[in-house]
1. In region 226-240, what residues are surrounded by fewer than 22 Cβ atoms within 10 Å (Cβ to Cβ) and in a loop (DSSP other than H, G, I, E, B)?
2. Looking at region 132-147, is at least one residue closer than 25 Å to residue 333 by Cβ, among the acidic types (Asp, Glu) and surrounded by fewer than 20 Cβ atoms within 10 Å (Cβ to Cβ)?
3. Mind counting the residues in region 29-73 that are closer than 30 Å to residue 357 by Cα and of a type in the set (D, E, K, R)?
4. Cβ-Cβ below 7 Å, separation at least six or inter-chain, first residue in region 245-261 and without any contact (Cβ under 8 Å) to a residue 24 or more places away in the chain, second crowded, with 17+ Cβ neighbours inside 10 Å and among the charged types (D, E, K, R): which pairs?
5. Based on what the data block shows, is residue 356 touching an Asp or Glu at 6+ places or on another chain (Cβ under 6 Å) and farther than 19 Å from residue 142 by Cα?
6. On the basis of being surrounded by 21 or more Cβ atoms within 10 Å (Cβ to Cβ) and charged (D, E, K, R), does residue 270 make the cut?
7. Conditions first: (1) of a type in the set (Asp, Glu); (2) at pLDDT 95 or above; (3) over 23 Å from residue 229 (Cβ atoms). Residue 145 passes all but one, so which condition is the exception?
8. Which of (1) hydroxyl-bearing (Ser, Thr, Tyr); (2) at pLDDT below 95; (3) crowded, with 22+ Cβ neighbours inside 10 Å is the odd one out, the single condition residue 218 does not satisfy?
Amino acid sequence: MEFSRRTDWDLRATQWAEELEKRRASGARIIDLTASNPTRCGFRYEPSQVLSPLVSPTALLYRPDPRGSLKARQAISRYYAARGCEVDVSRLLMTASTSEAYSYLFRLLANPGDEILIAQPSYPLLDFLAQLDDVRLTPYGLLYDHGWQIDLEGLRHQLNSRRTTGQGSRIKAIALVHPNNPTGHYTRSAERAALESICREYDLALIVDEVFLDYPFSAPESSFAAGEHAVPTFVLSGVSKIAALPQMKVAWIAAFGPDRERTAALDRLEVIADTFLSTSAPVECALPGWLEGGEGLRKQIRERTQRNLAALDGVLAGSAGGGHPPVNRLHVEAGWYAVLRVPAIAGDEQIALELLTRRGVAVHPGEFFGFSEPGRLVVSLLPSEEEFLEGVRLLIEEIGRQ
């Protein structure tokens, strides 16, 4: 039989992924600088704080609400209030994950074959989500010049070119991650104003993923939930990152914008959510406790990522030896990752493969995230400080040897 074209993926593992799996299966030591699961990075979880909220008699009574229980949405509203944002519970809709939230929004905004513009570099999972919903993701650029910035001129050029060829109506929204994964770029207020102006001009919605918002390295930027919203704006977040609980599977969409469009969007999203009813009663009951108790874990993660970033900078400075260091770190403002610039003597995957086979150090090739420039590696800042420092030193030694 034939399966649908939307799942016609090339599922062959890359050479780097095959080598990584082979080393894991053999029990060989791996210094894993790709680790992004906080539950496996040695952070201190209080079992009673995480698990006790699940044991609620309220969860024994099934009262499904497609938008999520009122108490859970009130807790989300309080989360935003603590960050200076007024988000009424009527504007919130819960999902099992931000991935599901993206899927809901793709179905809400786009017909089959329509396009969503998305900043690149970005997390590659979104390509699979879009294909499953018969939507096309079209990248627009993030530029690097002593820091990251959105290529607003390039974005306008894309839209103007599509308008000229009669394809402009197929573009339905602009999506971004704030702060970006993996670059750590915050969308500044001037960039936000420019994006909203573009969305007004071209009749587009704005999708903003804020899962890393609580992990700044310097002065944080405000949530897109704050301020006025002249265009339909959908802000996504969830406990996977903000409470370091990826296994608990709960996230949300906060909808903003002109009253008529926002109300219509939420009505339609409610029907989509009612079709799946994916959030469970125990999780909804537990969410207030997780959000209120999450600051302890966020603090642990912020302290470790900041220490690892400082350690990385220290090793890089020591490797310069009075000249140019073989590895440079690109500027990062927030998140769990750092991007390294290395000599482009081979493709990114080949460089990562040689690090893995010769030194046992696993890093992400930059091309996996859609970096257009060669010579980019991505490392997680979540590993233990000892493992991270050892891995970074071996990485720099190997790159310097080449």
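The values are calculated or read from the model by the stated rules, or taken from the named source; none is laboratory data. Since this is a predicted model, take the numbers as computed values, not measurements. So basically every Cβ, Gly included, is an ideal-geometry build from the backbone, and we count neighbours across all protein chains shown.
1. Across region 226-240, the qualifying residues are 226, 227, 228, 229, 230.
2. Yes, region 132-147 has at least one match.
3. Total meeting the criteria: 3.
4. Pairs that qualify, where the first residue is without any contact (Cβ under 8 Å) to a residue 24 or more places away in the chain and the partner is crowded, with 17+ Cβ neighbours inside 10 Å and among the charged types (D, E, K, R): there are none.
5. yes
6. So residue 270 fails the test.
7. Answer for residue 145: the failing condition is (2).
8. (3)
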